[in-house]
1. About the Cα centre of the range 14-75, how large is the charge dipole given +1 on each Lys and Arg Cβ and -1 on each Asp and Glu Cβ? Please answer in debye to the nearest 20.
2. Near LYS219, which lysines are there with a Cα under 27 Å away, not counting those fewer than 8 places off in the same chain?
3. Taking the number of other C-beta atoms within 10 Å as the exposure measure, put LYS172, LYS267 in order starting with the fewest.
4. Using every pair of alpha-carbon atoms in the chain, split the distances into 10 Å bins beginning at 0 and state the percent of pairs per bin, rounded to integers.
5. Between LYS20 and GLU99, how many nm apart are label points set 7 Å from Cα along the C-beta direction?
6. Would you work out the relative contact order for the chain, in percent, from Cα pairs under 8 angstrom that are 6 or more residues apart?
7. Among VAL248, ALA100, ASN260, whose Cα lies farthest out toward the positive end of the dipole of the range 97-352, if unit charges sit on the beta carbon of Lys, Arg (+1) and Asp, Glu (-1)?
8. Relative to the Cα centre, what is the charge dipole magnitude of the range 361-489, using +1 at the beta carbon of each Lys and Arg, -1 at the beta carbon of each Asp and Glu, and rounding to the nearest 20 debye?
Amino acid sequence: MTSYRQAKWFEPVIFEMGAKQRRGYTFTQLDKEIKDSLGSQLKCIPNKLRRNYLPDLPELSEVEIVRHYTKLSQMAFGVDLGSYPLGSCTMKYNPKLNEAVASSDNVRWIHPYQDESTVQGALEIMYKLSRQLAEITGMYAVSLQPAAGSHGEFAGSLIIRACHRFRRNSNKDEMLVPDSAHGTNPASAAMAGFKVIVVPSGADGCINVDALKNAVSAKTAGLMLTNPNTLGIFEKNILEISDLIHEVDAILYYDGANLNGILGKAKPRDMGFDIVHINIHKTFSTPHGGGGPGAGPIGVTKELEPFLPIPRILCEEGAYRLDYNRPNSIGKLRSFYGSFDILVRAYSYILMMGAKGLETSTEIAVLNANYLATKISVIRGFELPYDANKLRKHEFVVSCSKLKKETGITAKQVAKRLMDYGIHPPTIYFPLIIDEALMIEPTETESLEELDRLVTIFAQISTESYENPKTVRDAPHNTSIRQLDEAKAAHPRMLRLSWKMHKNRSKHDS
């Protein structure tokens, strides 16, 4: 396939299309009425505030508009188009039944400013979803307010801070995080005012318990941990870890990003965790990415329930209401209560799957991950660190270190080459403790045939790396845009995408 760049043409921006006086629709009488109405209203606006020229907006036909946005949609890769093995920040297939439920008028046409008596159904859905999530995680209470997993982490960090202040533990200002933790863990803790202490992993890929013992002190406010961890390995010493944290009156926080590796099999509370956030998009198949909307519910033990964000949804004598009377709450984290249409999708998914279905989804996710890990780790150039024979959970990390040493091909170049085969790249260079890391998570939605196709593609890339490395080094070849100047793209002052309009002319600034 010839790329757009090779063909020396690009999809124009909409300001570069169309022609003067071109229209999609024309309503002559309506246009006149609007102009007459605006004319009378403009008389009250001072001249200095009026525009003295018409805005230079694009003028296009209906055909041009439809074709333009259809082409743009085809240039974007999504989980509906192909395999999306993005480890950690999982993109799971979104069932269309859930989309249909969330698109119903009963969901779309309500407003959070309505009186509570008129949105009882919405409050009931959110209340029941919070109880379901509490049951799934073993927690006492759940707030649906956080807007994302990272937002849930921040909420959890604030709850830990509020709890210690309530207990008058003014000396507790340190948050422990493993060196394999998601990057948002230390970021959330730091935003909440904690000093972050990093605990190294051991030779088995789990947190080093001896190092943890040395790090725990009277200053320890909590430990942020995910189980299974980012390597896809279950923290086998979790009960001992829990005891170490609780012995110093600290709080054990569960990063729920990897909850879909134990769903229906184990509960964070049973492992000793006091707080958990839930990545709804990962575990319960709601849309994710593109800036939102999202949801990252936060669950806590009974002791920590007073600190949950407000408002809380209460059910009293069969009626539901929002409760703001929570003097020890960390306060409000966002407008209203949560991303309702996203929460409806999660609620629909849980009802559709049922307890047994959720457990089965975990079994298949773990099976798929281990099948892929076993197949890919024996391909030339790819290695599975931390005991290749050890069971992984929902995801695994392979290292391209040997491939780079023998061919010069890096993990990033492998990821770019996967795009040519219609595969979304896995997470690269994370966790940081693995050299040339590729983090892969197939999820339970991929078929055996798709997994085998992915293995075949990895084998092909391996062959190309050893026999014709330039093909991999120059990838991607079949995408609308070839290799980007990533340093320039990441520079906050270099990348400005805007369209500046001036009198009788337009200027594209990028």
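1. Values: 11 positive and 8 negative charges, 53 e Å.
That gives a dipole near 260 debye.
2. LYS172, LYS195, LYS236, LYS302
3. Values: LYS172 23, LYS267 18.
By the 10 Å Cβ count, ascending: LYS267, LYS172.
4. With a bin width of 10 Å, the distribution comes to 4, 16, 23, 23, 19, 11, 4, 1, 0.
5. Between LYS20 and GLU99, the simple spin-label model gives 4.2 nm.
6. Working: 901 pairs, mean separation 96.2, N = 510.
Relative contact order, the chain: 19 percent.
7. VAL248
8. Numbers: 16 positive and 19 negative charges, 91 e Å.
Around 440 debye, computed over the range 361-489.
A short reminder: the numbers here are calculations on the coordinates, not readings from a lab. Computed from a predicted model, the values in this text were never measured in an experiment. Virtual Cβ from ideal backbone geometry, glycine too; neighbours counted across all protein chains shown.
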